[in-house]
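The values are calculated or read from the model by the stated rules, or taken from the named source; none is laboratory data. Please read all numbers here as calculations on a predicted model, not as lab measurements. So basically every Cβ, Gly included, is an ideal-geometry build from the backbone, and we count neighbours across all protein chains shown. Side chains included, ligands, DNA and RNA excluded: accessible areas come from the protein's heavy atoms. Shrake-Rupley method; radii C 1.70, N 1.55, O 1.52, S 1.80 Å.
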Amino acid sequence: METVPADQRLAEPYLLDWLSSVGLDVHYVRAEGNTLYYRGANGEEIPVVDFAGGYGSLILGHNHPRITAHAQRLLAAGTPVHAQFSRHPYANDVALALNRIIRRELGTDESYAAIFANTGAEAVEAAVKHAELDRGLRLRDLAGELADHLAAARLAVLGGATVAPEAYALAGVERPAGQEDGFGALTAAVERHNARQLGRPPVFLTLEGGFHGKLVGSVQLTHNEGYRAPFAALAAPARFVPAGSAEALKAVVEAERATVLDLVVRDGQVHAVERNSPVFCAFVLEPVQGEGGIHVLTKEFAREIQRICAEIECPVVVDEVQSGMGRTGDFLASSALGLRGDYYTLAKSLGGGIAKTSVMLTRSSLYRPEFELVHSSTFAKDAFSCYVAQEVLEILEADGGAAYRTIRERGEKLEGMLRAVAADHPDEVKDVRGRGLMLGLEFHDQAGSASAAIRESAGLLGYTAAGYLLREHRIRTFPTASAVNTLRFEPSLLLTDAEIRQLEEGLRALCVIFREADGARLTGTPAAS
């Protein structure tokens, strides 16, 4: 391993030192399929089976030959990357291909408009921005309607209309003896109430354990407080709902609901009517929580989210950044749950392991075309990324969706192995979760281990375990970021039986280490004498 003087380590030096402390500071020099290579002491290539898979970005593996050949042709042809503010037919082709797939999975005829971006977090932010633009325009329309109705009510009163007694009670105004003075007090109270309600900041709903990025807005939707708390003052906070609890969701909705008072004239009398105000900007969720520990949303809770959000007119943003693109055996993990999003975000494998691209899809009936004038991204929608994305979609869809069938079959084989390990080591393995090639294995907490070395690493158990697997078994994986006792497994569809056996050997050895409290073997350091 090359040694760089401390004063010259300027690219995230703290992270580099931390990786070194857990044995993950490896410099990889080549990659293909599910394998990464680094150089040994004598310059030889040492293979490592990659179960991290670019955090879900490599459903087709490293440097897929068809993708790399396509990319080389694009570069050789001088395909432009920077041709902003011009026609982008290749982007429209990607949007059309995505719509064909999504309409098939959802069983709908409605189209989704596409806004391209570069990363998953950026796509999430685009979805939230669009949802807030839509909410703001709905607020404007509602405010205008309320003002028109109030003016009509005022004219009606001047023409002799009376005010219904319950209108005063609803507005919290004591009914006076004089009709004219009473109506003035009523309208003043209604205007004050409506101004407060219409001026409320947006409410974001999301799930405990969720991860949606670390940008200024998306980090507020990420449940891990370590990521979110330092930046809480920069954006509107979200309300986090326990995954699976319909009652908790209902309670949050009731606590945050906003209503305005509308004065309407009926049969010569002015009435006050309560109306919902669009305070809920969006419900943002992952159908399979990646960084939260590989937790799959249940069909029952998905139905409740769909129903409640329809009632309160809150759009559903389905974050498929990690779970989409066939990762779980369906193009969208949410489609298998019966969940239909108003927005979808896709990234990671959309770029085929080469291009950095993402997309935000918005249901056409909800889409606001003016969004295109207030949102943009320098590198989004470029020809190179779009042509690569087209190739990825063609590979996934070829032969009647053979890729999805392969993912399901390989996922079942991998999950079966993980469950066999868990069955043989119930005191070490707490749970196995996931779908397709998005799986997690959770270890029991090791804070009570007889080994001081294991106890001391318990707070970062997954990283220490990953360091052991890399060092001793040439297996690359990581824990999920917000549930560090859970190791993630997100290999490509090229996964072989031999690679599964290699992982099994490493995991079984790791379980024995925990059972025997062998801290020296886990950390690779000599035991204290």
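So in the stretch 262-296, with the set limited to residues that are more than 30 Å from ARG488 (Cβ to Cβ), open to solvent by less than 10 Å² (accessible area, probe 1.4 Å) and aliphatic (A, V, I, L, M), which one is farthest from the chain's Cα centre (by Cα)?
Of everything passing the filter in the stretch 262-296, VAL270 is farthest from the chain's Cα centre (by Cα).
Only residues that are under 20 Å from GLY506 (Cα atoms) and either surrounded by fewer than 20 Cβ atoms within 10 Å (Cβ to Cβ) or not hydrophobic (A, V, I, L, M, F, W, C) (or both): list them for the stretch 391-416, please.
Passing the criteria: ARG410, GLY411, GLU412, LYS413, GLU415, GLY416.
Could you grab the pairs with beta carbons closer than 6 Å, sequence gap of 6+ or different chains, first residue in the stretch 426-437 and within 12 Å of THR328 (Cβ to Cβ), second one modelled with pLDDT under 95?
The qualifying pairs do not exist here.
Sort through ARG140, ARG104, ARG175 and tell me the only one that's under 30 Å from ILE395 (Cβ atoms), open to solvent by 70 Å² or more (accessible area, probe 1.4 Å) and not β-branched (Val, Ile, Thr).
ARG104
Going by what's in this entry, would GLU397 be described as closer than 23 Å to ALA481 by Cβ, in a helix (DSSP H, G or I) and out of contact with any Pro (no Cβ under 6 Å at 6 or more places or on another chain)?
Taking the combined requirement at face value, the residue does not satisfy it.
Looking only at residues in the stretch 297-328 that are buried (at least 19 other Cβ atoms within 10 Å of the Cβ) and of a type in the set (Asp, Glu), which one is nearest to GLY434 (Cα to Cα)?
Taking the candidates together, the pick is GLU320.
When you scan the stretch 8-20, do you find a residue that is out of contact with any His (no Cβ under 8 Å at 6 or more places or on another chain), farther than 29 Å from THR406 by Cα and among the hydroxyl-bearing types (Ser, Thr, Tyr), even just one?
yes
May I ask you to verify whether ALA380 is part of a loop (DSSP other than H, G, I, E, B), touching a residue at least 60 places away in the same chain (Cβ under 8 Å) and under 24 Å from the mean Cα position of the chain (by Cα)?
Here the answer is yes, as ALA380 does meet what is asked.
List pairs: first residue in the stretch 222-235 and more than 19 Å from THR480 (Cβ to Cβ), second residue surrounded by fewer than 17 Cβ atoms within 10 Å (Cβ to Cβ) anywhere in the structure, Cβ distance under 8 angstrom, at least six positions apart or on different chains.
PHE231/VAL216; LEU234/VAL216; ALA235/VAL216
If SER57 satisfies all but one of (1) buried (at least 16 other Cβ atoms within 10 Å of the Cβ); (2) without any contact (Cβ under 8 Å) to a residue 60 or more places away in the chain; (3) polar (S, T, N, Q), what's the number of the condition it fails?
Going through the list (1) buried (at least 16 other Cβ atoms within 10 Å of the Cβ); (2) without any contact (Cβ under 8 Å) to a residue 60 or more places away in the chain; (3) polar (S, T, N, Q), SER57 breaks only (2).
Would you pick out the residues in the stretch 63-98 that are within 26 Å of PRO491 (Cα to Cα) and either more than 25 Å from the chain's Cα centre (by Cα) or surrounded by fewer than 19 Cβ atoms within 10 Å (Cβ to Cβ) (or both)?
Correct list: ASN63, HIS64, PRO65, ARG66, ILE67, THR68, ALA69, HIS70, ALA71, GLN72, ALA97.
Quick check, is ARG39 of a type in the set (Lys, Arg) and at pLDDT 95 or above?
Yes, satisfied.
Only one of VAL49, VAL26 is touching a residue at least 60 places away in the same chain (Cβ under 8 Å), assigned to a loop (DSSP other than H, G, I, E, B) and within 23 Å of HIS473 (Cβ to Cβ); which?
Selected residue: VAL26, the only one of VAL49, VAL26 that is touching a residue at least 60 places away in the same chain (Cβ under 8 Å), assigned to a loop (DSSP other than H, G, I, E, B) and within 23 Å of HIS473 (Cβ to Cβ).
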